[in-house]
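Below is one structure, written out as structure tokens; comments come after it.
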Amino acid sequence: MMRNLRSTILFLLPFVWQASAQDMPLLHLEEVVVSDTRLDRYADGHKVTVLKDSTIKRNGLFLTALLNFNSNMYFKENGLGMVSSPAFRGTNASHTAVIWNGININSQLTGQVDFNTINPFNYSSVAIRSGGGSVQFGSGAIGGSVHLNNDLNFTKHLDHQVFIGYGSFDTRSVNLSSSFGTGKWSSSVGVNYNSSDNNYRYLETDAENTNGEFEHVNLNANAGYVINDKHVLRLYHQSFIGNRNLSGNLVAQGRSRFTDDQHRTQLEWTNFIKNGVGRLKLAHLYEGFKYFENKDSDSFSEGEVTTLLARYAVDLELSNAFRINSYLEYTNYSARGSNFDAPQRNDAAVTAVLKHTINNKARYNFSLRQDISSDFSAPLVLSWDGSYDFSKKYQLQLNGSRNFRMPTFNDSYWSPGGNLDLVPEQSYQLDLGHSFQFNELIFNLNTYYIRTENMIRWLPNTSGFWSPNNVDEVQIYGLESEVSFKKSIGKNQVIRFNANYAYTVSEDKASGEQLSYVPFHRGNSSIAYGIAKLNMFYQHLYNGQVSIIGGELEGYQVANTGINYTFSTKHKLEYRIGITINNLFNTYYENIALRPMPNRNIQTQLVLNF
């Protein structure tokens, strides 16, 4: 762990050097260069929710907490800080794609991302794109996708922030971030450290959470350099180094430990050409883990995957009405592990997205993608999405798509149990959306239908081992609603309100029963009030009952509240102190059976800006 930490610090040294460089002349480029233009340029028929700044920092310890209280996604957690799996629109964890600065980072071992390994503090924004997106974002983008973006600001600036947090269960958090721009250079660096004894008491019992200690380090480093008016280089890097014991439950104390390393680096060259932009991306992704059945033993199992990716994309404006984004991508995966030998896979993909702006009220996108894999016969996937503005107050959105998910290395090669005869999952879906805006009030309503074939499911086989098979056909339908409101009252007062509600039916077509851990009803809301330098907020989450093996898990309601005050000085220094009370009403709840979540707890924060 320390070796990886030292190598990452060495990687950061060039960014520190850049901060001391002399100012360069400002070129006539956009002030802020976004990391993935596909999210807003080619998503007219999709609902996209963007979370920024104050919302991110309100629930900033884990990405799970941020999305739990600010989206329609449902999460299963094996206790605070443990493995966190999303369920987006009734799909399973491997059906939510996580896109880091334009690249899919879902694990090639498990097919998913553990949302408790991502700290959202040092991202410019976190966006949630609802509905299928396999054409643009690859394998797994079936329920939706979550986008982590680092946008580079080239305007002349130099800003620093220090965040220090301490709270219940000896939970500590430190975040150091810095951003600068000179016109030609831009850079941002963030280092985050979280740790906790995590020994909260189980409400309604005399027991406490045992073996739940964790320690995480997250590092984000991003830089951009304007070579000239035609060429821009950008470099993105993110590392996670985690060491956590795995909590026990109500019937068994934990004794295992899990360490994981994740390192992601991508270099992007942007070439401005006549009527368009060319982009070359080169990326290196690494994920590795060690699992200790007995944390005090030197014996462990391990696995790792290295991904090498090359993508060239061209975004061309063909005319005032037509635009096309096409790209060619090649990816090499190489794995090694205790439960499989050293498998490799080579994938290639060709994608084209055509945008047609009919007039100032109507536009649509039509997309095609074909993957070629050394291991599988991948389906041709396609999508259509569009929107029509009936008025300034009402927009209609519609999208339909065919999507897919490739089997992972665990699915194919895990010993014992892996299945080399698996085929990719396929999904078909249709989504109708309505967006209303009345001054400061915005209301979105979406209804959707998803049908998935050849879903991969691990089940016991005749040999007594668990093995994956293409067995399930699932249909999902439901609705999502979202309302937001922001109102300034005089000079110094602002009130913000947000609420989400989802009704989801996700059923096995053979049995007609709701899939496990998918609530029929789920909702959340938050209200924030600021007057001068004082800010207060309240959040509320409702999660309905879910089906589990042998019964049901009760629904629950959880609330958080907080207050902070900002002090200004005569100099550039500004500091803010705050306190947050989580699980305000001391509610007993489980989102995985037999694993109680924390009781009422307090977190304090000190933030320095200079």
Checklist entry - Once amide H atoms are built 1.01 Å from N in the peptide plane, which residues 5 or more positions from L318, or in another chain, come under 5 Å H to H? => result R323, I324
Checklist entry - In region 245-297, which trypsin sites (Lys or Arg not before Pro) are in a loop and have at most 13 other Cβ atoms within 10 Å, using DSSP for the loop call? => result K274
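Considering only DSSP states other than H, G, I, E and B, which GluC sites (Glu not before Pro) in region 428-480 qualify as loop sites with at most 16 other Cβ atoms within 10 Å?
Answer in residue order: E440.
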Next on the checklist: For a quick check: with amide H placed at 1.01 Å from N, whose amide H comes under 5 Å from E425's, ignoring anything fewer than 5 positions away on the same chain?
Outcome noted: R405
Checklist entry - So what's the gap between the Cα centers of region 52-112 and region 202-244, to the nearest angstrom? => result 13 Å
Checklist entry - Going by how many other Cβ atoms sit within 10 Å of their own, how do F121, F340, F115 line up, fewest first? => result F340, F121, F115
Item to check | Point-to-point label distance, V423-F585, nm (Cα→Cβ direction, 7 Å offset) | outcome: 4.9 nm
Next on the checklist: Run the reach check for K572 against lysines, Cα to Cα strictly under 17 Å, same-chain hits fewer than 8 apart removed. What comes back?
Outcome noted: K156, K533
Next on the checklist: Which one, P424, G254, L382, projects farthest toward the positive side of the charge dipole computed for region 2-609 from Cβ point charges (K/R +1, D/E -1)?
Outcome noted: L382
Next on the checklist: Run the simple label-point estimate for I358 and V277 please: 7 Å along Cα→C-beta, distance reported in nm.
Outcome noted: 2.8 nm
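Compute, for the chain, the length of the dipole vector about the Cα centre, with Cβ point charges of +1 (Lys, Arg) and -1 (Asp, Glu) only. Units Debye, rounded to 20.
2080 debye
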Checklist entry - Given charges of +1 on the Cβ of Lys and Arg and -1 on the Cβ of Asp and Glu, with all other atoms neutral, how large is the dipole of region 392-501 about its Cα centre, in debye to the nearest 20? => result 860 debye
Checklist entry - Lys/Arg Cβ at +1, Asp/Glu Cβ at -1, dipole of the chain taken about the Cα centre: which of F443, Q539, Y477 is farthest positive-ward? => result F443
Item to check | Between region 146-164 and region 414-459, the Cα center-to-center distance that results, in Å | outcome: 32 Å
Next on the checklist: Could you tell me how far the Cα centroid of region 357-394 sits from the Cα centroid of region 474-538, in Å?
Outcome noted: 26 Å
Checklist outcome for this item: Here Rg/Rh (Cα, Kirkwood) for region 2-609 equals 0.94
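Would you calculate a helix-derived [θ] at 222 nm for the chain, using -39,500 (n - 2.57) for each DSSP H run of n ≥ 4 and dividing by the full residue count, to the nearest 500?
Values: 6 runs with 42 residues, N = 610.
Taken over the chain, the calculation gives -1500 deg cm²/dmol.
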Next on the checklist: If I stretch the segment between L445 and N320 completely, what's the gain in nm (0.36 nm per residue apart, minus their alpha carbon distance), one decimal?
Outcome noted: 41.9 nm
Checklist entry - What is the pair-distance distribution P(r) of region 176-298, computed from all Cα-Cα distances in 5 Å bins starting at 0, with each bin given as a whole percent? => result 2, 9, 14, 13, 12, 11, 9, 8, 7, 6, 5, 3, 1, 0, 0
Checklist outcome for this item: Shape descriptor, region 434-562: equivalent ellipsoid semi-axes (Cα gyration tensor, sqrt 5λ, whole Å, largest first) stand at 41, 18, 11
Item to check | Summed residue charge, Cβ within 13 Å of Q475's Cβ, Lys/Arg positive, Asp/Glu negative | outcome: -3
Next on the checklist: Let's see if you can work this out: charge +1 on each Lys and Arg Cβ, -1 on each Asp and Glu Cβ, no other charges. What is the dipole magnitude of region 50-137 about its Cα centre, in debye to the nearest 20?
Outcome noted: 180 debye
Item to check | Cut-off under 5 Å, modelled amide H: who pairs with S124 long-range | outcome: N149, N150, D151
Checklist outcome for this item: Distance in nm between D341 and R41 label points, each 7 Å along Cα→Cβ, equals 4.5 nm
Next on the checklist: Just want the ordering: W269, W185, from fewest to most Cβ atoms lying within 10 Å of their own Cβ.
Outcome noted: W269, W185
Checklist entry - Arranged by the count of other C-beta atoms within 10 angstrom, fewest first, what order do S196, S297, S427, S547 take? => result S297, S547, S196, S427
Checklist outcome for this item: Of region 150-169, those with amide N under 16 Å from the point 7 Å along the Cα→Cβ vector of E208 are 167-169
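No value in this document is a laboratory result; all are computed from the given coordinates. Nothing here was measured: the structure is a model prediction, and the numbers come from that model. Neighbour counts run over all protein chains shown; Cβ positions are idealised from the backbone, glycine included.
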